[in-house]
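**Student:** The structure that follows is given in the form of structure tokens.
The values are calculated or read from the model by the stated rules, or taken from the named source; none is laboratory data. In this text, all values refer to a predicted model and were calculated from it rather than measured experimentally. As a convention, Cβ positions derive from the backbone with ideal geometry for all residues, glycine included, and neighbour counts pool all protein chains shown. Heavy atoms of the whole protein, side chains included, go into the accessibility calculation; ligands, DNA and RNA do not. Shrake-Rupley method; radii C 1.70, N 1.55, O 1.52, S 1.80 Å.
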Amino acid sequence: MKILLLFLAAAASALADDATQIRQILTLVSRHQICPLSDGDYTPVTTAAGLKAARQPEGIQWIYPWGVMLYGSLRSTDITRDPDVLNFVQTHNRIAAADYDFLSREQSAIGPDALKGFRPELFRLLQLGSLDNCGAMGTEMLDGMMRDPEHVTPGERRVVERVADWIQHRQDRLPDGTFWRPHTNGGAEPWKPGTIWADDLYMSCPFLVHWAAYRGDPAALDDAARQILQMAARLQDRDGIWFHAYFVNEHRHSPIKWGRANGWAVVSEVEVLSALPENDPLRAPLLAVLRRHLEGLKPLQAPDGLWRQVLDHPELWEETSCSAMFAYGFARAANRGWIDRSNLEIARQAFAGLETRITPEGIVNGTCAGTSIGIDLAFYRDRPRPSDDPHGPGVVLLAGSEILAAPAGTP
């Protein structure tokens with residue numbers, strides 16, 4: 001009995017040490033994201049020259065990795081209670097919304113050509129045109145609004161309404177309602193026309209979850225659940241792992257099981273399940289998709305707790321962002337009782353591996369740069385891994401926050 005008590009005491013001490021370390025990482029990483037913010041001059045102008053001469057806001061962006069970072073930062077404050085991080089996100093969003101209001105008015109008055117090549121950090125919001133420009137930023141803005149409803153600005157309301165309109169009514173869909181990209185992007189790394197991307201689940205579903213709560217709109221929540229189920233039918237392999245994309249015109253999936261694409265899917269699965277009512281008929285099939293996915297990931301975890309850039313190729317390098325997303329998925333599923341609570345240890349092992357990628361300054365390394373659809377292994381193998389790539393911090397913050405949210409007494 002004495003030996004058992006000593007063992008339990010040692011285990012409890014180790015968990016406390018781990019929790020302290022994770023909390024420190026959350027503080028380091030979230031505070032590293034804070035940058036100077038300032039409002040612009042929103043006095044109406046009558047010419048393009050006057051628009052360009054007006055004082056511009058500082059520190060704001062509208063791009064999906066930034067949205068994931070801001071969302072992760074918000075979630076980290078549930079653990080750290082850091083007022084500076086919370087204030088940074090909320091201030092950022094209010095400035096971005098005010099600037100959007102200003103630019104949209106000026107665009108109407110002066111003409112859209114006046115904004116070509118101008119204010120790129122907000123042009124994506126003015127243009128939208130894809131889920132990449134909608135869901136991630138819209139999610140964090142909605143999350144911030146629902147945290148502090150008394151201080152929501154009219155501009156913020158207009159921004160999220162614009163995002164909701166795009167996702168629900170303007171985004172391209174297949175006849176069964178599945179989001180897809182019917183055209184190529186024509187950029188430096190063009191993809192095949194007519195593709196379904198696993199990535200697009202994160203660019204839509206978490207927003208739909210928040211929108212459903214914000215507006216009391218259960219149809220938005222069901223839409224999110226159906227997106228996952230319909231994409232899983234095309235992309236999830238028998239081993240539970242997802243291929244990166246589906247070529248609609250060719251009726252086949254792409255050949256590679258990219259880590260971060262699977263990460264986007266896992267995060268979306270647990271975000272939707274967290275909101276879906278117990279009696280919703282879509283809940284059981286969605287839970288089955290998640291469980292197959294997590295079971296498929298277990299044997300692919302490397303000894304140091306991380307996962308590979310291409311999941312089923314152990315010779316490839318270990319990648320930070322997908323590892324953080326999987327840690328988040330395992331932790332959320334274990335915390336909510338969807339899988340056995342012992343699976344929380346998988347998340348803890350993953351976070352221990354992630355800690356080796358984070359510098360004392362809060363820089364997150366080992367993250368794959370933004371990636372299009374590839375058709376061979378070399379494309380993914382050779383992707384760059386810039387220091388402090390923006391795809392890393394937000395998901396590290398989500399993972400650590402969820403691990404520390406484990407119920408008291410969880411083994």
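**Student:** Determine whether Phe123 is open to solvent by 20 Å² or more (accessible area, probe 1.4 Å) and either part of a helix (DSSP H, G or I) or acidic (Asp, Glu) (or both). Walk me through how you get there before you give the answer.
**Tutor:** Working: open to solvent by 20 Å² or more (accessible area, probe 1.4 Å): yes; either part of a helix (DSSP H, G or I) or acidic (Asp, Glu) (or both): yes.
The answer is yes for Phe123.
**Student:** What number goes with the only condition from (1) farther than 14 Å from Ile22 by Cβ; (2) free of Cβ contacts under 8 Å to residues at least 60 places away in the same chain; (3) buried (at least 19 other Cβ atoms within 10 Å of the Cβ) that Pro314 does not pass?
**Tutor:** Going through the list (1) farther than 14 Å from Ile22 by Cβ; (2) free of Cβ contacts under 8 Å to residues at least 60 places away in the same chain; (3) buried (at least 19 other Cβ atoms within 10 Å of the Cβ), Pro314 breaks only (3).
**Student:** Only one residue in Phe326, Phe330 is under 30 Å from Ile196 (Cα atoms), touching a residue at least 24 places away in the same chain (Cβ under 8 Å), buried (at least 24 other Cβ atoms within 10 Å of the Cβ) and in contact with a strand residue (DSSP E or B) (Cβ under 7 Å, 6 or more places away or on another chain). Which one? Before the answer, list the steps.
**Tutor:** Working: Phe330 fails: in contact with a strand residue (DSSP E or B) (Cβ under 7 Å, 6 or more places away or on another chain).
On inspection, the qualifying residue turns out to be Phe326.
**Student:** Specify the residue that is farthest from Gly240 (Cα to Cα); the eligible residues are those in the range 279-307 that are of a type in the set (A, V, I, L, M, F, W, C) and open to solvent by 40 Å² or more (accessible area, probe 1.4 Å). Before the answer, list the steps.
**Tutor:** Residues of the range 279-307 of a type in the set (A, V, I, L, M, F, W, C): 282, 284, 286-290, 294, 297, 300, 302, 306-307.
Cutting the leftovers down to open to solvent by 40 Å² or more (accessible area, probe 1.4 Å) gives us 284, 300.
Values: Ala284: 16, Leu300: 11 Å.
Applying the filter and picking the extreme gives Ala284.
**Student:** Determine if the range 130-144 includes at least one residue that is under 19 Å from the mean Cα position of the chain (by Cα), part of a loop (DSSP other than H, G, I, E, B) and surrounded by fewer than 20 Cβ atoms within 10 Å (Cβ to Cβ). Break it down into steps so the answer makes sense when it comes.
**Tutor:** Initially, the range 130-144 is screened for residues under 19 Å from the mean Cα position of the chain (by Cα), giving 130-144.
Retained after the next criterion (residues that are part of a loop (DSSP other than H, G, I, E, B)): 130, 134.
With the extra rule that they be surrounded by fewer than 20 Cβ atoms within 10 Å (Cβ to Cβ), the set shrinks to 130.
Looking through the range 130-144, at least one residue is under 19 Å from the mean Cα position of the chain (by Cα), part of a loop (DSSP other than H, G, I, E, B) and surrounded by fewer than 20 Cβ atoms within 10 Å (Cβ to Cβ).
**Student:** Being of a type in the set (A, V, I, L, M), closer than 20 Å to Trp338 by Cα and either touching a residue at least 12 places away in the same chain (Cβ under 8 Å) or surrounded by fewer than 24 Cβ atoms within 10 Å (Cβ to Cβ) (or both) is true for just one of Leu208, Leu221. Which residue is that? Reasoning before the result, please.
**Tutor:** On the way: Leu208 fails: closer than 20 Å to Trp338 by Cα.
Result of the check over Leu208, Leu221: Leu221.
**Student:** May I pose another question? Working carefully through the options Arg147, Arg124, find the one that is among the basic types (Lys, Arg), within 26 Å of Pro390 (Cβ to Cβ) and modelled with pLDDT of 95 or more. Before you say what the answer is, go through the steps one by one.
**Tutor:** On the way: Arg124 fails: modelled with pLDDT of 95 or more.
Exactly one of Arg147, Arg124 is among the basic types (Lys, Arg), within 26 Å of Pro390 (Cβ to Cβ) and modelled with pLDDT of 95 or more, namely Arg147.
**Student:** Pick out the one residue from Val266, Val270 that is β-branched (Val, Ile, Thr), open to solvent by less than 20 Å² (accessible area, probe 1.4 Å), touching a His at 6+ places or on another chain (Cβ under 7 Å) and in a helix (DSSP H, G or I). Working first, answer last.
**Tutor:** Numbers: Val270 fails: touching a His at 6+ places or on another chain (Cβ under 7 Å).
Exactly one residue qualifies, and that residue is Val266.
**Student:** Could you tell me how many of the residues in the range 87-109 are open to solvent by 60 Å² or more (accessible area, probe 1.4 Å), within 21 Å of Cys35 (Cβ to Cβ) and in contact (Cβ under 8 Å) with a residue 24 or more places away in the chain? Explain how you work it out, then say what you get.
**Tutor:** Quick first cut of the range 87-109, residues open to solvent by 60 Å² or more (accessible area, probe 1.4 Å) only: 87, 94, 105, 108-109.
Now narrow it down to the ones that are within 21 Å of Cys35 (Cβ to Cβ): 87, 94.
The next check asks that each one be in contact (Cβ under 8 Å) with a residue 24 or more places away in the chain; those that pass are 94.
Qualifying residue count, the range 87-109: 1.
**Student:** Related question: What residue, of Pro57, Pro65, is in contact with a strand residue (DSSP E or B) (Cβ under 7 Å, 6 or more places away or on another chain), open to solvent by less than 30 Å² (accessible area, probe 1.4 Å) and not charged (D, E, K, R)?
**Tutor:** After ruling out the rest, the residue left standing is Pro57.
**Student:** So, in the range 333-364, exactly how many residues are of a type in the set (S, T, N, Q), out of contact with any helix residue (DSSP H, G or I) (no Cβ under 7 Å at 6 or more places or on another chain) and either under 17 Å from Ala406 (Cβ atoms) or surrounded by 16 or more Cβ atoms within 10 Å (Cβ to Cβ) (or both)?
**Tutor:** Initially, the range 333-364 is screened for residues of a type in the set (S, T, N, Q), giving 335, 342-343, 349, 356, 359.
Within this subset, residues satisfying the condition of being out of contact with any helix residue (DSSP H, G or I) (no Cβ under 7 Å at 6 or more places or on another chain) are 342, 349, 356, 359.
Now drop any that are not either under 17 Å from Ala406 (Cβ atoms) or surrounded by 16 or more Cβ atoms within 10 Å (Cβ to Cβ) (or both), which leaves 342, 349.
Total satisfying the criteria: 2.
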